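What follows is calculated from the coordinates using simple rules that are stated; it is not laboratory data. Everything quoted here is computed from the prediction, not taken from an experiment. Note that each Cβ is placed from the backbone with ideal geometry, even for glycine, and that neighbours are counted across all protein chains shown.
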Amino acid sequence: MVAVSDLLQELLVEIERHVGVAGWDQPPQLFALARTADLVVREPEFAAQLGLDPAVVPPDALTPVEQEPLPEGPLDESLAQVGWPREVEGCALVQEVVMLPPEVEESMPEHVDVVDWASEHPQRREARLGVAVLRDGSRACTIRMRGQDEDELLVGPDLAPHLADALAATLD
């Protein structure tokens, strides 16, 4: 049997690829993660639109449901306004970020706008970050660097722990 964390990681890779089809320079995208078997029972018409066959749905399968765009503004403020009903097993977020080497982050001056400073730094790298969490505490993360081979995707449960914590808080 495949571990829940492995299934979550595979699902997040699929979500990141789905978002990537639209290209770069996309706003953050939030997804509810619903148990597919429950979704088929609760929303049979929606399940039929997705081509889900109730007879062959694995019991631990999850279906991502894309949500309305998050409001403009700081992501932490937007996530603080999100709450999920009990039927939602987890959630995922895919967003573009600017990454800097650790030595550059350590040399960041005080009292500057971090986003502006990082966005202008010559050593910045743009990336698409995906994070998914479940109510049981499972986590998955992906990072795709802009300009790299499309098959190069960094994966792991702890690549963005603060964002994973923020997403987990939306499930409380």
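Would you confirm whether or not segment 74-92 contains a residue that is in contact with a Ser or Thr (Cβ under 7 Å, 6 or more places away or on another chain), surrounded by 13 or more Cβ atoms within 10 Å (Cβ to Cβ) and aromatic (Phe, Trp, Tyr)? Talk me through it step by step, then tell me what you get.
Step one: filter segment 74-92 for residues in contact with a Ser or Thr (Cβ under 7 Å, 6 or more places away or on another chain), giving 79, 82-84, 91.
Still in the list and also surrounded by 13 or more Cβ atoms within 10 Å (Cβ to Cβ): 79, 82, 84, 91.
So of that shortlist, the ones also aromatic (Phe, Trp, Tyr) come out as 84.
Scanning segment 74-92 turns up at least one residue that is in contact with a Ser or Thr (Cβ under 7 Å, 6 or more places away or on another chain), surrounded by 13 or more Cβ atoms within 10 Å (Cβ to Cβ) and aromatic (Phe, Trp, Tyr).
Contact map, segment 151-172: first residue closer than 9 Å to Val131 by Cα and in contact (Cβ under 8 Å) with a residue 60 or more places away in the chain, second residue assigned to a strand (DSSP E or B) and small (Gly, Ala, Ser), Cβ cut-off under 7 Å, separation 6 or more or different chains; pairs are Pro157/Ala140. Is it true that some residue in segment 107-117 is buried (at least 16 other Cβ atoms within 10 Å of the Cβ), touching a helix residue (DSSP H, G or I) at 6+ places or on another chain (Cβ under 9 Å) and of a type outside the set (Gly, Ala, Ser)? Within segment 107-117 (the criterion being buried (at least 16 other Cβ atoms within 10 Å of the Cβ), touching a helix residue (DSSP H, G or I) at 6+ places or on another chain (Cβ under 9 Å) and of a type outside the set (Gly, Ala, Ser)), the answer is no, since none of the residues qualifies.
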